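See below for the structure under consideration.
The values are calculated or read from the model by the stated rules, or taken from the named source; none is laboratory data. Being a predicted model, the structure only gives us computed values, none of them experimental. Neighbour counts run over all protein chains shown; Cβ positions are idealised from the backbone, glycine included. Accessible surface areas use protein heavy atoms only, side chains included; no ligands, DNA or RNA. Shrake-Rupley method; radii C 1.70, N 1.55, O 1.52, S 1.80 Å.
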Amino acid sequence: HVVESGRFLFGKFAERLESLLSSMFGREVVLVGSGTDAIALSLMACGVRPGDTVIVPAFSAIPTAVAVKMIGANVEYVDIDGEMTLALESLRKRFSHRLPEVKAVVAVHLYGNPADILPILDLCRNYGAALVEDCAQSFGAKCGRSMLGTIGDAGALSFYPTKNLGCFGDGGAVVAKNRTMAKMIRELRFYGQVSRSQMGDRVGMNSRMDEIQCAILMRKLDSTLNFDRRMEMKAL
């Protein structure tokens with residue numbers, strides 16, 4: 001269908017996938033080119049600029065830190081706890097030092113294991129730092145009743161083939177805090193253009209998820225959701 005349509009970007013499968021994911025997360029979801037881009041664009045949308053300091057856990061995949069460097073910000077590592085996620089006490093000690101000021105924190109939910117996200121959020125709020133959740137390995141996981149990716153200011157998803165929801169190439173998405181952020185991400189993923197013929201106030205990047213990958217994920221999600229519904233019916 002994709003090849004026959006000749007629409008390889010921003011087509012009906014991308015629209016459907018964004019709509020389905022937005023429904024699942026209860027927040028507007030914007031597709032981007034990769035999970036790495038999702039972190040970088042989330043930070044940009046949270047106001048992180050070149051030279052700002054961003055905290056990441058000392059144990060994570062390389063792209064977590066690379067995404068920070070991609071936008072010219074400085075990476076600062078904080079220790080992990082026994083669950084191999086960002087250690088709350090280490091983060092608290094770093095915030096107490098104050099200088100250099102921390103602009104944002106990237107909390108990684110590793111191996112599907114949630115970071116101690118609610119206390120981390122409280123710390124970030126107290127010190128005026130944005131919180132981005134790296135959900136590359138935790139699609140669909142929850143903290144209580146809240147989907148991971150909906151607790152902080154933004155959530156970064158990856159659809160790399162090895163993830164628990166993977167396509168047949170690169171792909172990612174940002175779970176945006178609100179419509180204003182979603183609009184900004186849509187501009188930033190498309191060079192910073194507000195339309196095909198007009199540049200906006202911010203310089204972005206080329207980070208677009210192609211229609212073939214969107215179609216693959218739609219098929220996978222449809223199969224999974226249909227299976228879940230069948231199991232629910234059997235339980236009744």
* Dividing the Cα radius of gyration by the Kirkwood radius, what Rg/Rh value follows for segment 136-203? -> 1.06
* To do: Provide the solvent-accessible area of Arg208, counting protein heavy atoms only and rolling a 1.4 Å probe, rounded to the nearest 10 Å².
  => 60 Å²
* In degrees between 0 and 90, to the nearest 10, how far off the longest principal axis of the chain does helix 211-235 point, with axes built from Cα atoms? -> 90 degrees
* Structure fact -> Percent of all alpha-carbon pairs of segment 1-135 at distances over 26 Å, whole number, is 29 percent
* Any chance you could look up the accessible area of Thr180 with a 1.4 Å probe, heavy atoms only, rounded to 10 Å²? => 100 Å²
* Structure fact -> Pseudo-spin-label distance Met199 to Glu76, built 7 Å along Cα→Cβ, given in nm, is 3.4 nm
* Extending each Cα 7 Å along its Cβ direction at Lys142 and Lys93, get the distance between those two points in nm, one decimal. => 3.5 nm
* Tilt relative to the chain, helix 179-188 - C-alpha long axis, 0 to 90 degrees, to 10 -> 80 degrees
* **With 5 Å bins from 0: P(r) over the chain, alpha-carbon pairs, percent** => 1, 7, 14, 19, 20, 15, 11, 7, 4, 2, 1, 0
* **Relative contact order [Cα under 8 Å, 6+ residues apart], the chain, whole percent** => 25 percent
* Distance (nanometres) between label positions extended 7 Å along Cα→Cβ at Arg219 and Glu83 -> 3.6 nm
* May I ask you to give the percent of accessible area on segment 45-189 that is carbon plus sulfur, with a probe radius of 1.4 Å? => 52 percent
